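Structure, as structure tokens:
The values are calculated or read from the model by the stated rules, or taken from the named source; none is laboratory data. The model shown is predicted, which means the values in this text are computed figures rather than measured ones. In this analysis, Cβ positions are derived from the backbone assuming ideal geometry, glycine residues included, and neighbour counts consider all displayed protein chains. Ligands, DNA and RNA are excluded from the accessible area calculation, which covers all protein heavy atoms including side chains. Shrake-Rupley method; radii C 1.70, N 1.55, O 1.52, S 1.80 Å.
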Amino acid sequence: MQEPVTGVPAPQARGGEGHVRRMTARPANAHQARLLRMLRDEGPSSRAQLGDRVDLSRSKLAVEVDRLLETGLVVADGLAASRGGRRSHNIRLAPALRFLGVDIGATSVDVAVTNAELEVLGHLNHPMDVREGPVAVFDQVLSMAGKLKASGLAEGFDGAGIGVPGPVRYPEGVPVAPPIMPGWDGFPVREALSQDLGCPVMVDNDVNLMAMGEQHAGVARTVADFLCIKIGTGIGCGIVVGGEVYRGTTGSAGDIGHIQVTPDGRPCPCGNRGCLEAHFSGAALARDAEEAARSGRSPELAGRLETTGRLTAVDVAAAAAAGDPAALALIRDGGDRVGQVIAGLVSFFNPGLVVIGGGVTGLGHNLLASLRTQVYRQSLPLATGNLPIVLGELGPAAGVIGAARLISDHLFSPA
């Protein structure tokens with residue numbers, strides 16, 4: 001069932017044929033790009049405040065700000081607080097700018113519209129099986145985007161960020177041999193949606209966008225080097241180094257779901273055996289829970305299976321909360337396997353934070369405790385002595401905020 005649009009009153013109309021066609025201005029140089037990103041991340045600022053944070057002379061800063069005002073990307077926004085002498089106006093990003101964030105998961109689609117500061121103005125969710133293929137999925141995305149526009153939250157979109165649950169050749173925006181996405185290999189996502197939406201589009205792996213969302217507005221706001229682990233239908237890792245997502249040479253960095261954890265273990269959709277994803281992910285957990293229910297090892301799960309006909313991570317979490325030993329064992333065993341992989345990543349990368357997100361995090365602190373135990377036990381004390389391992393703060397909003405951040409990073413870069 002589609003969630004209702006939530007958000008703020010509609011912006012005032014700007015006339016003409018639509019804002020999308022007029023959003024042609026881009027920052028002319030790196031100084032302007034930095035100013036735009038500062039205003040996005042820190043909100044309205046006075047010229048004096050901007051001058052405190054950038055390495056520009058007062059006259060050069062004034063020139064760059066005036067040029068941005070001329071483009072319409074920023075506007076004057078009330079008087080700034082007095083610092084002695086004549087008061088200046090605050091500068092802010094144009095309030096009419098709108099970004100579309102799309103987070104395509106294996107079993108659902110989230111679509112949101114944000115303002116230039118990446119505040120979510122409206123957010124829709126709809127169940128959708130990614131295996132139905134790109135045409136069906138993007139028909140749904142366009143329908144949801146249309147509903148957001150019709151609600152008055154946007155006349156059009158200045159840009160769109162898209163996340164998909166598989167490897168992406170970046171920056172072309174093309175999925176490459178995604179194991180859980182039949183029919184998507186080589187599909188020109190960026191090109192197709194750019195034509196349909198009438199605006200610039202950027203595409204990335206969904207876990208990279210989750211990491212960017214948590215970095216912008218979540219638990220990783222103050223951390224420059226961190227890992228973001230998404231445990232859902234699949235398992236992936238967003239790697240942030242020096243505040244920037246690291247994608248690797250071809251865009252496949254962080255594909256930890258296909259690290260082998262059990263030699264000659266279960267077959268995986270990628271074609272190998274014993275992959276982490278084959279032993280602990282949303283699909284694997286559901287399969288193991290149903291086996292525990294049918295074998296008589298878990299009366300609690302058996303009751304839920306009889307009622308609903310299928311089990312999910314939500315059922316396992318509820319059974320564990322009721323003290324069901326089989327459910328607790330499934331969580332513990334899965335957490336041990338994921339923790340084993342994370343321990344290796346921590347020893348190699350030495351991050352300042354590990355964020356755990358995705359649908360399976362509904363298992364909560366039982367999962368987190370098992371993960372932490374493995375990481376702290378297996379990694380060297382120098383790497384884990386001051387290492388928080390925490391659940392993400394943003395939930396389903398992380399992906400759409402990260403998607404909006406992705407496209408704004410692109411648009412707020414020199415043309």
| message | Where the second residue is among the aromatic types (Phe, Trp, Tyr) and the first is assigned to a loop (DSSP other than H, G, I, E, B) and lies in the stretch 259-284, which pairs have Cβ atoms under 9 Å and are six or more apart or on separate chains? | response | Val261/Phe280
| remark: Listed by first then second residue, the pairs whose first member lies in the stretch 286-313 and is acidic (Asp, Glu) and in a helix (DSSP H, G or I), whose partner is at pLDDT 90 or above and open to solvent by 40 Å² or more (accessible area, probe 1.4 Å), with beta carbons under 7 Å and at least 6 positions apart or on separate chains, are Glu300/Ala322
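Which one is least open to solvent (accessible area, probe 1.4 Å), of the residues in the stretch 253-291 that are among the β-branched types (Val, Ile, Thr) and under 30 Å from Arg221 (Cβ atoms)?
From the stretch 253-291, those among the β-branched types (Val, Ile, Thr) are 256, 259, 261-262; that's our starting set.
Now drop any that are not under 30 Å from Arg221 (Cβ atoms), which leaves 256, 259.
Values: Ile256: 9, Ile259: 69 Å².
Out of the qualifying residues, it is Ile256.
Taking the options Ala177, Ala192, name whichever one is aliphatic (A, V, I, L, M) and free of Cβ contacts under 8 Å to residues at least 12 places away in the same chain.
Sole residue among the options that is aliphatic (A, V, I, L, M) and free of Cβ contacts under 8 Å to residues at least 12 places away in the same chain: Ala177.
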| Name the residues in the stretch 102-117 that are buried (at least 22 other Cβ atoms within 10 Å of the Cβ) and closer than 19 Å to Arg37 by Cα, would you? | Val113, Thr114, Asn115, Ala116
| For the stretch 227-239, does any single residue satisfy the condition of being at pLDDT 95 or above, of a type in the set (A, V, I, L, M, F, W, C), under 21 Å from Val400 (Cα atoms) and touching a Phe, Trp or Tyr at 6+ places or on another chain (Cβ under 9 Å)? | yes
| Subset tally (residues that are surrounded by fewer than 20 Cβ atoms within 10 Å (Cβ to Cβ) and outside any strand (DSSP E or B)) for the stretch 237-252 | 7
| message | Taking the condition of being free of Cβ contacts under 8 Å to residues at least 24 places away in the same chain, part of a helix (DSSP H, G or I) and of a type in the set (Gly, Ala, Ser), how many residues in the stretch 46-67 meet it? | response | 3
| With respect to the numbered conditions (1) farther than 17 Å from Gly399 by Cα; (2) hydrophobic (A, V, I, L, M, F, W, C); (3) touching a helix residue (DSSP H, G or I) at 6+ places or on another chain (Cβ under 8 Å), which one is the sole condition not fulfilled by Ile162? | (1)
| query | Residues in the stretch 321-330: is at least one in contact with a Cys (Cβ under 6 Å, 6 or more places away or on another chain) and closer than 28 Å to Ser347 by Cβ? | reply | no
| task | State whether the residues of the stretch 353-362 include one that is open to solvent by less than 50 Å² (accessible area, probe 1.4 Å), part of a helix (DSSP H, G or I) and out of contact with any Pro (no Cβ under 7 Å at 6 or more places or on another chain). | result | yes
| request: Output the residues belonging to the stretch 212-223 that are open to solvent by less than 50 Å² (accessible area, probe 1.4 Å) and touching a helix residue (DSSP H, G or I) at 6+ places or on another chain (Cβ under 9 Å). | output: Met212, Gly213, Glu214, Gln215, His216, Ala217, Gly218, Ala220, Val223
| Test: Glu172 is open to solvent by 10 Å² or more (accessible area, probe 1.4 Å), over 18 Å from the mean Cα position of the chain (by Cα), within 15 Å of Gly251 (Cα to Cα) and among the charged types (D, E, K, R) | yes
| task | May I ask you to verify whether Phe157 is aromatic (Phe, Trp, Tyr) and surrounded by fewer than 22 Cβ atoms within 10 Å (Cβ to Cβ)? | result | no
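The rows are residues; the columns are (1) under 17 Å from Asn366 (Cα atoms); (2) surrounded by 20 or more Cβ atoms within 10 Å (Cβ to Cβ); (3) not hydroxyl-bearing (Ser, Thr, Tyr).
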{"position": "Gly296", "(1), (2), (3)": "no, no, yes"}
{"position": "Glu300", "(1), (2), (3)": "no, yes, yes"}
{"position": "Gly303", "(1), (2), (3)": "no, no, yes"}
{"position": "Gly309", "(1), (2), (3)": "no, no, yes"}
{"position": "Ala320", "(1), (2), (3)": "yes, yes, yes"}
{"position": "Ala327", "(1), (2), (3)": "yes, yes, yes"}
{"position": "Asp333", "(1), (2), (3)": "yes, no, yes"}
{"position": "Val338", "(1), (2), (3)": "yes, yes, yes"}
| said: Can you report the number of residues in the stretch 371-404 which are more than 30 Å from Val113 (Cβ to Cβ), open to solvent by 10 Å² or more (accessible area, probe 1.4 Å) and in a helix (DSSP H, G or I)? | reply: 10
| Matching option when the condition is in contact with a helix residue (DSSP H, G or I) (Cβ under 6 Å, 6 or more places away or on another chain) and part of a helix (DSSP H, G or I), among Leu209, Leu148, Leu124 | Leu209
| query | What number goes with the only condition from (1) closer than 16 Å to Asp206 by Cβ; (2) open to solvent by 30 Å² or more (accessible area, probe 1.4 Å); (3) at pLDDT 95 or above that Phe138 does not pass? | reply | (2)
